[in-house]
1. Determine which member of the set A:Thr53, A:Thr74, A:Thr110 is under 25 Å from the mean Cα position of the chain (by Cα), modelled with pLDDT under 90, surrounded by fewer than 10 Cβ atoms within 10 Å (Cβ to Cβ) and of a type outside the set (Phe, Trp, Tyr).
2. Does at least one position in segment B:63-70 carry a residue that is farther than 25 Å from A:Leu122 by Cβ, assigned to a loop (DSSP other than H, G, I, E, B) and either open to solvent by 40 Å² or more (accessible area, probe 1.4 Å) or of a type in the set (Phe, Trp, Tyr) (or both)?
3. Just to be sure I understand, how many residues within segment B:1-40 are aliphatic (A, V, I, L, M), closer than 27 Å to A:Gly104 by Cβ and in contact (Cβ under 8 Å) with a residue 24 or more places away in the chain?
4. Consider only pairs whose beta carbons are under 8 Å apart and that are at least six residues apart or on different chains; among these, list those whose first residue lies in segment A:15-27 and is facing chain B (nearest Cβ under 9 Å) and whose second residue is part of a helix (DSSP H, G or I) and among the hydroxyl-bearing types (Ser, Thr, Tyr).
5. Pick out, from segment A:1-114, the helices (runs of 4 or more DSSP H) lying fully within it that include 2 or more residues that are basic (Lys, Arg) and either farther than 30 Å from B:Val104 by Cβ or assigned by TED's automatic domain parsing to the domain that holds A:Ile128 (or both).
6. Are any residues in segment B:110-138 in a helix (DSSP H, G or I) and acidic (Asp, Glu), and if so, which ones?
7. If I filter segment B:51-64 for residues that are touching a Lys or Arg at 6+ places or on another chain (Cβ under 9 Å) and of a type in the set (Ser, Thr, Tyr), do I get at least one hit?
Amino acid sequence: MLSGIYSLFAAAIFVELDAVDVAFTEASVGAGISTMLMLGTLALTTRLEKIPTYMPILPLLVVVATGAALIYGTLDMPRFGDPNAPIHQHVVPRYIEDMPKEIGVPNVVTAVLASYRGYDTLGEVTVIFTAGIGVLVLLGGGRRERPGGRRAGGRGGPS
Amino acid sequence: MRHHHVLHVIAKLLLPFVLLFALYVQFHGDFGPGGGFQAGVIFAAGFILYTIVFGLENARKVAPMPAVRVLVAAGLLLYAGTGVAGVLLGGHYLNYSVLAGTPVAGQHLGIMVIEFGVGVTVAAVMITIFFCFAGREK
């Protein structure tokens, strides 16, 4: 519930920053579907955490090391909103100036996502596809009835 | 949920608009905010609403799992296939300029087709995941 509220709030911030497309995604995916799936997971599992039988020292070390490396990687990035950052010198003017005659689509976000950065979007769709396949494999997808099905009339039909 | 007449009526009133809005976001993504991802999620949200109100069994009749599973792959294949079509027509992979008479028209067509592919895959995956979660008994 809190994550849903957080996502809706983040969507409002994105609208305020004039990033309507991102806000749209955040509101529909973050506030809508994710919350729904989180509630579904809670309904499937239990609400309480199992008490671990060991101290997870190694995972903690891995997580801290990865986090430290990521933070180290951000140190030499240009400051937020810096007009002299490489992205504002090179690709952004290129896209904004050449997009009308190259693509001719009014929404520059769509043009960048679908055409200039088509490979990235293909990768994102592949990620979603993989997630769907993973859930199908793990949760059965309702294709096969569980052997000796506990509820006869539970889910009939060809599914 | 058998006796909730108000919920049934309101959901039935709401559903056409949810799905229509999803299609609007899908095919208007080149002019306004939106695109395949958002449209797919909104479309799936319509199905989720239907599932919650009318039950999983009815929802599976509307969206049979075999068909949804095919759509999961079909959207991605449409996307990747558009790239291959560009290669076959003599361009680069995922460069849509060669798909139609003029480069601009080709780009427009390519963007529409791949956004549709994105929308189909996203909607099908979300419906699949929700059906899997909802169909699983504790």
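The values are calculated or read from the model by the stated rules, or taken from the named source; none is laboratory data. As the structure is a prediction and not an experimental result, all values here were calculated from the model. No Cβ is skipped: glycine too gets one built from the backbone with ideal geometry, and neighbour counts run over all protein chains shown. The area values use the complete protein model at the heavy-atom level, side chains included, leaving out ligands, DNA and RNA. Shrake-Rupley method; radii C 1.70, N 1.55, O 1.52, S 1.80 Å.
1. Criteria check complete, one pass: A:Thr74.
2. Yes, segment B:63-70 contains at least one residue that is farther than 25 Å from A:Leu122 by Cβ, assigned to a loop (DSSP other than H, G, I, E, B) and either open to solvent by 40 Å² or more (accessible area, probe 1.4 Å) or of a type in the set (Phe, Trp, Tyr) (or both).
3. Selection size over segment B:1-40: 2.
4. Within 8 Å, the pairs are A:Asp21/A:Thr110; A:Ala27/A:Ser7.
5. Details: elements: A:2-16, A:20-25, A:35-44, A:57-74, A:86-89, A:91-102, A:108-111.
By residue number, A:91-102.
6. B:Glu115
7. Yes, segment B:51-64 contains at least one residue that is touching a Lys or Arg at 6+ places or on another chain (Cβ under 9 Å) and of a type in the set (Ser, Thr, Tyr).
Conditions tested, residue by residue: (1) among the hydrophobic types (A, V, I, L, M, F, W, C); (2) at the interface with chain A (Cβ under 7 Å from one of its Cβ atoms).
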site: B:Leu76; (1), (2): yes, yes
site: B:Leu89; (1), (2): yes, no
site: B:Ser97; (1), (2): no, no
site: B:Ala105; (1), (2): yes, no
site: B:Ile114; (1), (2): yes, yes
site: B:Gly119; (1), (2): no, no
site: B:Val122; (1), (2): yes, yes
site: B:Cys132; (1), (2): yes, yes
